[in-house]
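The values are calculated or read from the model by the stated rules, or taken from the named source; none is laboratory data. Worth saying up front: this structure is predicted, and the values here are computed from it rather than measured. Cβ: placed from backbone, ideal geometry, glycine included. Neighbour counts: every protein chain shown. With ligands, DNA and RNA removed, areas are computed over all heavy atoms of the protein, side chains included. Shrake-Rupley method; radii C 1.70, N 1.55, O 1.52, S 1.80 Å.
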Amino acid sequence: MITILDAAYVVAILGGSILAAKAIAPYIAKIYTHGPSRLDRFLDPVENGVYRLIGVDVHRGMGWKEYFLSGLLVNLVQMAIAFVILTFQGELPLNPQGFSGVRWDLALNTVISIGTNTNLQHYNGETTLSYLSQMSAIQFLQFTSAATGICMGVAMIRCLLAGSKDLGNFYVDFVRSLTRLLIPFCLVAAVVLVALGVPQSLNGYQTISTVTGASQMILIGPIASLVSIMQLGTNGGGYFGANSAYPFQNPSPVSDVFEICLMLLLPTALIFVFGEMLGPEKKREYRPILVAAYSLFAIDLAIGFIPTTTLGPGMETRFGGFFSAFWTVVTTAVTTGSVNASLYAMHPFVILAAFMGMLIQATPGGKGVGLMYMIMFIIITVFVVGLMSGRTPEYLGMKITARDVKLVMVAFLIHPLVILVPTLVAFASGAAAQIGVSMNASGFTQVLYEFTSAASNNGSDFFGASANTPFWNISTAIVIFVGRYAPIAILLAMGGSMIGRKRSPEVGLKTDSLLFSGVLVASILILVVLTFFPFLAVGPILQYLHGQANFLG
Amino acid sequence: MRPIVGIALISLLLCGLFFPLLVTGIAQVVLPWQANGEILQPYGKPVGSNLIAQNFTQPIFFQPRNDSDSGVDPDITVQEAYAQIPGISNATGISQSQLKLLVDENTPLVSIVFGDPYVNVLTLNLALISQYPVYSSYR
């Protein structure tokens, strides 16, 4: 079990992040409701210039298809640009280490992975990518995928508002997400990170002679700017292969706590933004989402904290056992996927907690998309409760139709489909054995984790650069792509049909009550556990039982 | 097509160049030591980074761990440092109590606050070099 001091840190970090998220929510809501802001004087001319340049009519709203397709197509062009930069980095500037171009299958995997906010990395950035690639391929896509996720979440919220006529304009939401949220917040975060010891330089790797006369390469680069967006945008893709275990990405326990707070900030803030945008009458409807997200997160943490994690091989001294395990649970609860210790070093229960975060995807999940998944679970719960009580299911005064329920079920079922089928293919085709995965419980855990992480746009993994083979690059790229865009499209399709739907004063189920929060938590647990239990049982749970059996002799 | 390609290019310039270059400019001007990797130069020339472990194979020095995830973990726990004291004392003739004092003096407060006290190996060894004549050849 954890110590009282550790428990106090958990409470302080989570409590502080929730309070900070609540404090910034009104500002974020105004970005998307176009409320007045002191920044307008500086940013309005810039943004209007951009709209004129690209030919966008600010006042033209979009239906769900146009909103989604705009996002998808913009993302595809961004990925294509990044693909070109990675492939030709050898011929491009800002390459002091002289790295050659990235092979096509790795470049494809990388741009899809980073461009969808997944950040599964089959490469070690410090030995593979030029400064230009780190900035203009990786950081670039980390910003744009974060902005896209937020836009989709905000569009979903607009679908649920009583007065909405459309989902808004994707281009306007995207530009404002960058200019008013991500870039200013990341600028502050990056400067703080530099002050805490994260380098930010374009001077090339430095070769020095050590105290005892050996030659050592000091791997500095544009690291702080990348770390700011990778944590704040819940991206997770690191500058280094060792990610946030590498001291230059995460130099001390102070930077560790700061980065954990950065990860939690926006996914939590968007829950409050939901309340803000619903308006004074319905504002309380954010509560069941917050309560459910953090109750499930608390369950994850409790599972992860059952074993006492002590400092061991694969962990960094400055974080110790506790902050290594804590990070692993947080990074999967918000689908960031950065790691500060090797997953191989973790107790099976910590891995089980990580699985729970990635399988639910809403605890609170990635910014924007986590909220969409929670709304998906709410619709399912409202429907089930309606069946049990014999009333017409309603949410926010709207009748929930048979089509809504069909769509959310399809959205839900995509997740097991894109995780379990490829896991079996990887074993059956011999691709798992090819990269040295054993045919036992830990091998199964590793492969299941790889595809779960890919499908939930998390990005943490056991394999890293060892999975840089055509099979793993292409299979995970497909899983990532479907796992990202298919549920978003389906949930926006459902949301689109709610625009203009008749609202009546609520008479039936009170969805802002504590009772409903409890029912929501229970139905999420039942749905996810029923779906995945058999697979978790032959993975981390069997690993744990093996360990116990060995211990007992 | 124009909005799609246009916004992709503008976001590339804004997020992929302007932002990292702006952070680099601010960092290099305001916080140059941190921005360049906290390079230590106790005797005029760089000997390493405060944040990156380096190899010490001789028995007169404290040794870093080499099983950790990053491969360059700069720290060891205070317990691990204590365990190395008898060996270093034997090799150098410095008393064990003086070495223990050195470890304690160099244990940062932040590591105590977060529950797992540790020391930076390079800091420890540089302190040895500056304080004891047996290390004078390393100055």
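What pairs can you find where one residue is in the stretch B:117-137 and more than 14 Å from A:Thr212 (Cα to Cα) and buried (at least 20 other Cβ atoms within 10 Å of the Cβ), the other is small (Gly, Ala, Ser) and at pLDDT 95 or above, and their Cβ atoms are less than 6 Å apart, with a gap of 6+ or different chains? Listed pairs, sorted by first residue: B:Val119/B:Ala81. Inspection of the stretch A:490-504 finds a residue satisfying the criterion of being of a type in the set (Val, Ile, Thr), open to solvent by less than 60 Å² (accessible area, probe 1.4 Å) and farther than 16 Å from A:Tyr449 by Cβ. Within the stretch A:116-143, if we keep just the residues that are assigned to a loop (DSSP other than H, G, I, E, B) and of a type in the set (A, V, I, L, M, F, W, C), the residue that is modelled with the highest pLDDT turns out to be A:Leu129.
Here is the figure for the stretch A:193-218: residues that are in contact (Cβ under 8 Å) with a residue 60 or more places away in the chain and either more than 8 Å from chain B (Cβ to nearest Cβ) or in contact with a Cys (Cβ under 8 Å, 6 or more places away or on another chain) (or both) total 3. Taken together, B:Ile52, B:Ile85 contain a single residue that is open to solvent by less than 50 Å² (accessible area, probe 1.4 Å) and more than 7 Å from chain A (Cβ to nearest Cβ), which is B:Ile85.
Taken together, the criteria exclude A:Val154 from residues that are within 13 Å of another protein chain (Cβ to nearest Cβ) and crowded, with 20+ Cβ neighbours inside 10 Å.
Listed here are the residues, each with its yes/no results for (1) closer than 21 Å to A:Ala341 by Cα; (2) touching a Phe, Trp or Tyr at 6+ places or on another chain (Cβ under 7 Å); (3) more than 8 Å from chain A (Cβ to nearest Cβ).
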{"site": "B:Val23", "(1), (2), (3)": "no, no, no"}
{"site": "B:Thr57", "(1), (2), (3)": "no, no, no"}
{"site": "B:Gly71", "(1), (2), (3)": "yes, no, no"}
{"site": "B:Pro117", "(1), (2), (3)": "yes, no, yes"}
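Here the helices (runs of 4 or more DSSP H) wholly within the stretch A:1-115 that include at least 2 residues being of a type in the set (Phe, Trp, Tyr) are A:4-33, A:40-54, A:64-87.
Among the residues here, A:Gly101 does not qualify as surrounded by fewer than 24 Cβ atoms within 10 Å (Cβ to Cβ) and either at positive phi or out of contact with any helix residue (DSSP H, G or I) (no Cβ under 8 Å at 6 or more places or on another chain) (or both).
Listed here are the residues, each with its yes/no results for (1) farther than 15 Å from A:Phe258 by Cβ; (2) polar (S, T, N, Q); (3) modelled with pLDDT under 95; (4) in a loop (DSSP other than H, G, I, E, B).
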{"position": "A:Leu182", "(1), (2), (3), (4)": "yes, no, no, no"}
{"position": "A:Phe185", "(1), (2), (3), (4)": "no, no, no, no"}
{"position": "A:Val188", "(1), (2), (3), (4)": "no, no, no, no"}
{"position": "A:Leu193", "(1), (2), (3), (4)": "no, no, no, no"}
{"position": "A:Val198", "(1), (2), (3), (4)": "no, no, no, yes"}
{"position": "A:Gly204", "(1), (2), (3), (4)": "yes, no, no, yes"}
{"position": "A:Val211", "(1), (2), (3), (4)": "yes, no, no, yes"}
{"position": "A:Ile220", "(1), (2), (3), (4)": "yes, no, no, yes"}
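Of note, B:Arg2 does not satisfy the criterion of being open to solvent by less than 30 Å² (accessible area, probe 1.4 Å) and either at pLDDT below 95 or among the hydroxyl-bearing types (Ser, Thr, Tyr) (or both). Within the stretch A:1-52, the set of residues being basic (Lys, Arg) and either at positive phi or away from every other protein chain (no Cβ under 14 Å) (or both) comprises A:Lys22, A:Lys30, A:Arg38, A:Arg41.
Among the residues of the stretch A:502-528, those identified as of a type in the set (Val, Ile, Thr) and assigned to a loop (DSSP other than H, G, I, E, B) are A:Val507, A:Thr511. Out of A:Ser513, A:Ser475, report the one residue that is in contact (Cβ under 8 Å) with a residue 24 or more places away in the chain and farther than 30 Å from A:Leu69 by Cβ. Result of the check over A:Ser513, A:Ser475: A:Ser513.
Going through the stretch A:330-345 one residue at a time, which ones are hydrophobic (A, V, I, L, M, F, W, C) and surrounded by fewer than 24 Cβ atoms within 10 Å (Cβ to Cβ)? Full working, then the answer.
Initially, the stretch A:330-345 is screened for residues hydrophobic (A, V, I, L, M, F, W, C), giving A:330, A:333-334, A:339, A:341, A:343, A:345.
Result: A:Leu343, A:Ala345.
Residues in the stretch A:54-75 that are in contact with a Gly (Cβ under 8 Å, 6 or more places away or on another chain) and surrounded by fewer than 22 Cβ atoms within 10 Å (Cβ to Cβ): A:Ile54, A:Gly55, A:Gly61, A:Met62, A:Gly63, A:Lys65. Scanning the stretch A:232-291 for residues being assigned to a helix (DSSP H, G or I), under 20 Å from A:Gly368 (Cα atoms) and of a type in the set (Gly, Ala, Ser) gives a total of 2. A single member of B:Pro42, B:Pro46 is facing chain A (nearest Cβ under 7 Å) and either open to solvent by less than 40 Å² (accessible area, probe 1.4 Å) or not in a helix (DSSP H, G or I) (or both), and it is B:Pro46. Among the residues of the stretch A:479-501, is there at least one that is polar (S, T, N, Q), assigned to a helix (DSSP H, G or I) and closer than 30 Å to A:Glu66 by Cβ? There is at least one residue in the stretch A:479-501 that is polar (S, T, N, Q), assigned to a helix (DSSP H, G or I) and closer than 30 Å to A:Glu66 by Cβ. Residues considered: A:Gly368, A:Gly357. Of these, the only one that is open to solvent by less than 10 Å² (accessible area, probe 1.4 Å), in contact with a Cys (Cβ under 9 Å, 6 or more places away or on another chain) and either of a type outside the set (D, E, K, R) or at pLDDT 95 or above (or both) is A:Gly368.
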